[in-house]
1. Answer with yes or no whether ASP3 is of a type in the set (D, E, K, R), modelled with pLDDT of 90 or more and either farther than 30 Å from LYS156 by Cα or part of a helix (DSSP H, G or I) (or both).
2. Taking GLN11 and the conditions (1) within 30 Å of GLY129 (Cα to Cα); (2) touching a helix residue (DSSP H, G or I) at 6+ places or on another chain (Cβ under 9 Å), which numbered condition does it fall short on, given that it satisfies the others?
3. Please identify the pairs in which a residue from the range 11-26 that is of a type in the set (S, T, N, Q) has its Cβ atom under 8 Å from the Cβ atom of a residue that is surrounded by 13 or more Cβ atoms within 10 Å (Cβ to Cβ) and in a helix (DSSP H, G or I), counting only partners at least 6 apart or on another chain.
4. Given the conditions (1) at pLDDT 90 or above; (2) farther than 24 Å from ALA25 by Cα; (3) open to solvent by 80 Å² or more (accessible area, probe 1.4 Å); (4) not aliphatic (A, V, I, L, M), report the number of the one that ARG142 does not fulfil.
5. Considering (1) open to solvent by less than 50 Å² (accessible area, probe 1.4 Å); (2) modelled with pLDDT under 90; (3) assigned to a helix (DSSP H, G or I), say which one SER13 fails and leave the rest.
Amino acid sequence: MVDKRPHCSAQASVAPTSVMNFASAFGRALIGLLADRIGVSNAFFVSLMISALAQLVLWNLAEVYVMTMVFSAVVGASSGNFVSLLAPVIAEMFGTQKLATLSGLLILFNLVGNFSGPPLACAILSATGSWHATISFSGGVRILGAAFFLYAQLKKEPRILAVY
C-alpha cells in the first residue's frame, strides 16, 4: 500500500513545524484564559482531546499540503498546553505541598513514551506499511491518556466538568 503524501520543496517542508510552534505560543496563552473560565483540569482535558482528535482525524486526512498546515496549527495550539497547565493541574489535584516532586515525577514518566514511541512507530510502520496505522496508534494513545486523566479528575470530584 502506498500512502499519498504531498511532495514539496525543502522550504515548504519545514513550514508545518513553524506553524505548529507559532500556534503553540498562542495556544499556551489562550489556554490560561480558558482555564480561568472553565477550570484548570477541564481546560487541560479539553486540550488533550482536541490534540488527540486532531491527530486521529486531521493528520489521517492530510493528503494535501493545506490539511498538513491545518493539522500543524491545531496540534500546535493544543499540545503545548501540557507545559502551561502541568503545575496548576497538579496543585489542583494534589495540593501544593509536594508540587516540585510531583511535577518532576510526571515529567520523568514522559520518558517512557519519549523512548518507546519512536521504536513502536517504526514497528507499526514496518508491520503495516502505512503511516495511517502509526498515526492512529499515536492518536489512540493520546485518547487513552485523556481517559486516564478524566478518571483521576472524577475520583477527585465526581461531577463532570466540575470547577474546583
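The values are calculated or read from the model by the stated rules, or taken from the named source; none is laboratory data. Fair warning: this is a prediction, and the values are worked out from it, not measured in the lab. Neighbour counts run over all protein chains shown; Cβ positions are idealised from the backbone, glycine included. Protein only, heavy atoms only, side chains kept; ligands, DNA and RNA dropped before computing areas. Shrake-Rupley method; radii C 1.70, N 1.55, O 1.52, S 1.80 Å.
1. Criteria not met by ASP3.
2. Result: GLN11 fails condition (2) only.
3. Taking only residues 6 or more apart or on different chains, the pairs are THR17/SER72; ASN21/GLY76; SER24/GLY76; SER24/ALA77; SER24/SER79.
4. The single condition ARG142 does not satisfy is (2).
5. So the condition that SER13 fails would be (1).
Residue-wise test of (1) within 14 Å of GLY139 (Cβ to Cβ); (2) open to solvent by less than 20 Å² (accessible area, probe 1.4 Å); (3) among the polar types (S, T, N, Q).
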| site | (1), (2), (3) |
| --- | --- |
| ALA43 | no, yes, no |
| VAL46 | no, no, no |
| GLN55 | yes, yes, yes |
| GLU63 | no, no, no |
